[in-house]
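Chemist: My questions all concern the structure below.
Read-outs: derived from the displayed coordinates by stated rules, not from any lab. Small disclaimer: the values here were computed from a predicted structure and weren't measured. FYI the Cβ positions are ideal-geometry reconstructions off the backbone, even for glycines, and counts take in every protein chain you see.
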Amino acid sequence: MTSYRTTQVGAQVREEIMQIIQRELKDPRIGFVSITEVRMSPDLRSARVRVSVLGDEAAQKDALAGLNSARGLIRHDLGRRLQNLKFSPEVRFELDPSIEYSVRIAKTLREILPPAAEEQS
């Protein structure tokens, strides 16, 4: 069961990590990455960050490796930016296949279902 505070801190951590990834990380392995979810532990000392990566499996593994190598920098910057926390959360990145799965389902549905009849004016 998540509390209101863990949900709010998770949303704040998500926003800050996105800004760090977009503005401060220069690793070429990290391509187009979007954070889909951040789950904070009840004591707010660790964060599971689920990311979705645009590209094939090799690009996803490279981006995850780049993010994992930058964990120390990300944690340090989070500590500076999140003044309302006593401790900087330990960050753990995981791949989130949900966006890729929904794209695959939509493509399959377009292939199976007949095209909608266009309205005549």
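Chemist: Helix-derived [θ] at 222 nm for the chain: sum -39500 (n - 2.57) over DSSP H runs of at least 4, divide by residue count, nearest 500?
Modeler: Result for the chain: -16000 deg cm²/dmol, rounded to the nearest 500.
Chemist: Under a straight-distance cross-link criterion of Cα-Cα below 20 Å, which lysines are reachable from K26, leaving out those fewer than 8 residues away in the same chain?
Modeler: List returned: K61.
Chemist: Rounded to whole Å, give me the distance from the Cα center of the range 57-80 to that of the range 90-113.
Modeler: Here the answer is 22 Å between Cα centres.
Chemist: Got the relative contact order for the chain handy, in percent, Cα pairs under 8 Å and 6 or more residues apart?
Modeler: 24 percent
Chemist: Packing-wise, with mean Cβ within 10 Å as the measure, how do 102-108, 35-41, 23-29 rank, highest first?
Modeler: 35-41, 23-29, 102-108
Chemist: Another question, then. Where in the chain is the longest stretch that carries no chymotrypsin sites (Phe, Trp or Tyr not before Pro) classed as loop by DSSP and with at most 13 other Cβ atoms within 10 Å?
Modeler: Value returned for the longest uninterrupted segment is 33-86.
Chemist: When N counts the residues of the range 62-106, how does its alpha-carbon radius of gyration compare numerically with 2.2 N^0.38 Å, as a ratio?
Modeler: 1.57
Chemist: Now for a separate question. Let me see the P(r) profile for the range 4-112: every Cα-Cα distance counted, bins of 5 Å, each bin given as a percent of all pairs.
Modeler: 2, 12, 22, 22, 16, 11, 7, 4, 2, 1, 0
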